[in-house]
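Okay, structure first, notes after.
The values are calculated or read from the model by the stated rules, or taken from the named source; none is laboratory data. Keep in mind the model is a prediction, meaning the values are calculated, not measured. Because the Cβ atoms are built from the backbone with ideal geometry, glycine has one as well, and the counts that use them run over all protein chains shown. In case anyone asks, the SASA skips ligands and DNA or RNA and just uses the protein heavy atoms, side chains included. Shrake-Rupley method; radii C 1.70, N 1.55, O 1.52, S 1.80 Å.
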Amino acid sequence: MSIRVLVADDQEIVRTGLAMILDAQSDIEVVATAADGRRAVELARRLRPDVCLFDIRMPGVDGIEATRSLAGPDVADPLAVVVITTFDLDEYVYAALKAGARGFLLKNAGAEMLSQAVHAAAEGDALIAPSVTARLLGTFARTGPASSLPQPVEALTYREEEILAAVARGRTNGEISAELHISLSTVKTHIASLMAKLGARNRVEIAIWAHQTGRVRS
């Protein structure tokens, strides 16, 4: 089945271009577009797309607030949101992911990475532009104490520690599978276990925890 996507960007040419790139994928369908965050939230709540692709800088309700409304910590049934922007700024990345985004891309990322980010978000993963991953995690590690994330409810296994380190370095599930010589389904099982033990909502929070607790250095 196709991944249903909602695209929101205040620039018509960008909005149309993103929709065309995604619609060209055999397993992705753009079900709606919006020119501002308020309309995007309305459409998202009504259509319940598999993934929302939001620009950050939109009039009225911006992409961060729209993300928080649909995927924030207080949302009972959060939607998957990928934030895309022209501006490679730490505060944008930080705000987007704290608001609940499952991905962060720059608009020059290219069609392949855009498609990867949508697929990752639909599958519950998080994809962040490689150019900002390391700096992003360093920023998170400096902005709060380790106590801001819960300690494990039970000890991590050796394999979980290996996968924790790989996730913290920005590795995808496929890369982890290849590096550790285990199946993709096994990687996903271990990541689900890490999320449960750490009380993390996604792999970004797993990575943050690893950096904040000194498991991995930036």
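Okay, here's what the table says:
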quantity: Packing rank of 74-87, 95-108, where each peptide gets the mean count of other beta carbons within 10 Å, highest leading; calculated: 95-108, 74-87
quantity: Longest segment of the chain lacking GluC sites (Glu not before Pro) that sit in a DSSP loop with at most 16 other Cβ atoms within 10 Å; calculated: 1-122
quantity: The stretch 82-127: C-alpha pair distances exceeding 18 Å, %; calculated: 22
quantity: Charge tally in the Cβ shell below 9 Å around LEU194, where Lys, Arg are +1 and Asp, Glu are -1, LEU194 excluded; calculated: +1
quantity: Phi to ³J(HN,Hα) by Karplus 6.51 cos²θ - 1.76 cosθ + 1.60 over the stretch 80-86, Hz, x for Gly, Pro; calculated: 7, 10, 10, 9, 10, 8, 7
quantity: Cα long-axis angle, helix 184-198 against the chain (0 to 90 degrees, to the nearest 10); calculated: 80
quantity: Furthest towards positive pole of dipole, GLY110, ALA126, PRO49, structure part the stretch 1-140, Cβ charges; calculated: PRO49
quantity: Rounded percent of accessible protein surface that carbon and sulfur make up, the stretch 1-137, 1.4 Å probe; calculated: 49
quantity: Cα gyration tensor, the stretch 18-123 - rounded (a/c under 1.5), prolate or oblate; calculated: rounded
quantity: Length-normalised contact order for the chain - Cα pairs under 8 Å, 6+ apart - percent; calculated: 15
quantity: Gyration tensor verdict on the stretch 1-76 (Cα atoms; rounded if a/c is under 1.5, prolate if a/b is larger than b/c, oblate otherwise); calculated: oblate
quantity: Amide proton proximity set for THR85, modelled H, under 5 Å, gap of 5+; calculated: LEU105, LEU106, LYS107
quantity: Probe 1.4 Å, accessible area per residue of the chain, Å²; calculated: 47
quantity: Gyration tensor verdict on the stretch 170-218 (Cα atoms; rounded if a/c is under 1.5, prolate if a/b is larger than b/c, oblate otherwise); calculated: oblate
